[in-house]
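The values are calculated or read from the model by the stated rules, or taken from the named source; none is laboratory data. Please read all numbers here as calculations on a predicted model, not as lab measurements. Here the Cβ positions follow ideal geometry from the backbone for every residue, glycine too, while neighbour counts run over all protein chains shown. We work out accessible area using only protein heavy atoms, side chains counted, and drop any ligands, DNA or RNA first. Shrake-Rupley method; radii C 1.70, N 1.55, O 1.52, S 1.80 Å.
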Amino acid sequence: MYQRLFSTKTLVILFVLLLPTGSGQAADNKTSTVGPKTKLSSDDANFVKEAAQGGLMEVQLGKLAQEKAGNEKVKEFGRRMEQDHSKANDELKKIASDKDIQLSNDLDKKHKGKVDKLTKLSGADFDKQYTNAMVSDHKEDIKKFQREADKGKDADLKQFASQTLPTLKQHLQLAESTAQQVKSGSKASKTSNR
């Protein structure tokens, strides 16, 4: 029993002696995980905010296309925009959270204006305006994402931009071909109405 008591006392003493060091290490570990995060350059921070706004708009317009489009190809394109941009938005939100960047769930004035404009349209008018907007928006997005992939300072954002670029390029090709079909369809219906 004496040996057992000695062992317990020894363990308690060792524990007490190690406690300040151990708790100091725990505090250090805690600080490093919760501590200051890498500050993004203003260009990287702007990219995150612009990409988030653009992504939100693409999702909203994709949903709108599924409701208001007259052409089945435009509805399919809208579905694809909603799915792909929702996925990219989720990835971007995680990166932004890791970088302590607060992203708005609401569209800014510029992007909301585009949505509001298209909300008032339906059928062939919607199809034409929506597909034209998707072509120009994706051309702009590709430039921004390419710039971030090439010149961004933050490794996570560069990787996100690089991985998202092929999808944006596919979207542009789809938008262009869908816009062409809409244009051809409206010409065909005009000649058949004569």
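What to note about this one:
- Reach of Lys120 by Cα under 14 Å, taken over aspartates and glutamates that are not fewer than 8 positions away in the same chain: Glu67
- Straight-line reach from Lys183: taking Cα to Cα under 15 Å and skipping same-chain neighbours fewer than 8 places apart, the aspartates and glutamates in range are Glu72, Asp125, Asp127.
- For the pair Gln180 and Asp108, a Förster radius of 25 Å applied to the C-beta separation gives a FRET efficiency near 0.25, rounded to the nearest 0.05.
- Segment Ser97-Thr119, extension gain: residue separation times 0.36 nm, minus the distance between their alpha carbons: 4.8 nm
- Here each label is just a point 7 Å from Cα along the line to Cβ, and for Leu165 and Gln83 those points are 2.5 nm apart.
- The residues of segment 94-194 expose on average 63 square angstrom of accessible surface per residue, using a 1.4 Å probe on protein heavy atoms.
- When each of Lys128/Lys158; Lys93/Lys143; Lys63/Lys128; Lys73/Lys151 is checked by Cα-Cα distance, pairs over 24 Å: Lys128/Lys158; Lys73/Lys151
- Whole-Å distance, taken between Cα centres, linking segment 57-86 and segment 101-143: 11
- Rolling a 1.4 angstrom probe over segment 73-194 with all protein chains present gives an accessible area of which 47% lies on carbon and sulfur atoms.
- Phi angles across segment 64-79 convert, under the Karplus curve 6.51 cos²θ - 1.76 cosθ + 1.60 with θ = phi - 60°, into 3J(HN,Hα) values of 4, 4, 5, 8, 9, 5, x, 9, 4, 5, 5, 4, 4, 4, x, 4 Hz, Gly and Pro given as x.
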